[in-house]
Structures are given as structure tokens and as C-alpha cells.
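**Q** Can you keep this structure in mind? I'll have questions shortly.
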Amino acid sequence: MKQTRSLEERMADQAAELKERAHQLPAGAEREALLKRARIAETGLRLSDWLRSPGLQRPN
């Protein structure tokens, strides 16, 4: 299967979707699990950006 969007685009979309779903839920374990998954996707996105940066500068 050929991907039409980059990994970074897919991770950003996934993080946004997970956050949106989480904010529609009341406080609780399910909401926290979705927010955790969103943070993991965002971390992956930042790592990917860092790995692609010239000279592998320290991430912010």
C-alpha cells in the first residue's frame, strides 16, 4: 500500500483527532488515555522533525 501523505502529516492528524475526541469526553480514564496517545503522536512528530533537521540540533 502506497502512502499519499507523509508520516509527519499522518501523526499530526492523528494527534489532532485524538485531542478532539478526548475533549468531547468527561474527565476520566478514557479521556486521559486519548490524551496520552495524542502526546505520544506529538512526541513522534517532534522526533521526526529533529531527525530531519540539519546537523541534528537539540530539540526544543
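The values are calculated or read from the model by the stated rules, or taken from the named source; none is laboratory data. Here the structure is a predicted model, which is why all the values come from computation and not from measurement. All Cβ positions, glycine included, derive from the backbone under ideal geometry; neighbour counts span all protein chains shown. Side chains included, ligands, DNA and RNA excluded: accessible areas come from the protein's heavy atoms. Shrake-Rupley method; radii C 1.70, N 1.55, O 1.52, S 1.80 Å.
Listed here are the residues, each with its yes/no results for (1) in contact with a helix residue (DSSP H, G or I) (Cβ under 6 Å, 6 or more places away or on another chain); (2) of a type in the set (A, V, I, L, M, F, W, C); (3) on the phi < 0 side of the Ramachandran plot; (4) surrounded by 12 or more Cβ atoms within 10 Å (Cβ to Cβ).
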site	(1), (2), (3), (4)
ALA16	no, yes, yes, yes
GLU20	no, no, yes, no
GLY28	no, no, no, no
LEU47	no, yes, yes, yes
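**Q** In the range 30-45, what residues are of a type outside the set (Ser, Thr, Tyr) and open to solvent by less than 90 Å² (accessible area, probe 1.4 Å)?
**A** Of everything in the range 30-45, those that are of a type outside the set (Ser, Thr, Tyr) and open to solvent by less than 90 Å² (accessible area, probe 1.4 Å) turn out to be ARG31, ALA33, LEU34, LEU35, ALA38, ALA41, GLU42, GLY44, LEU45.
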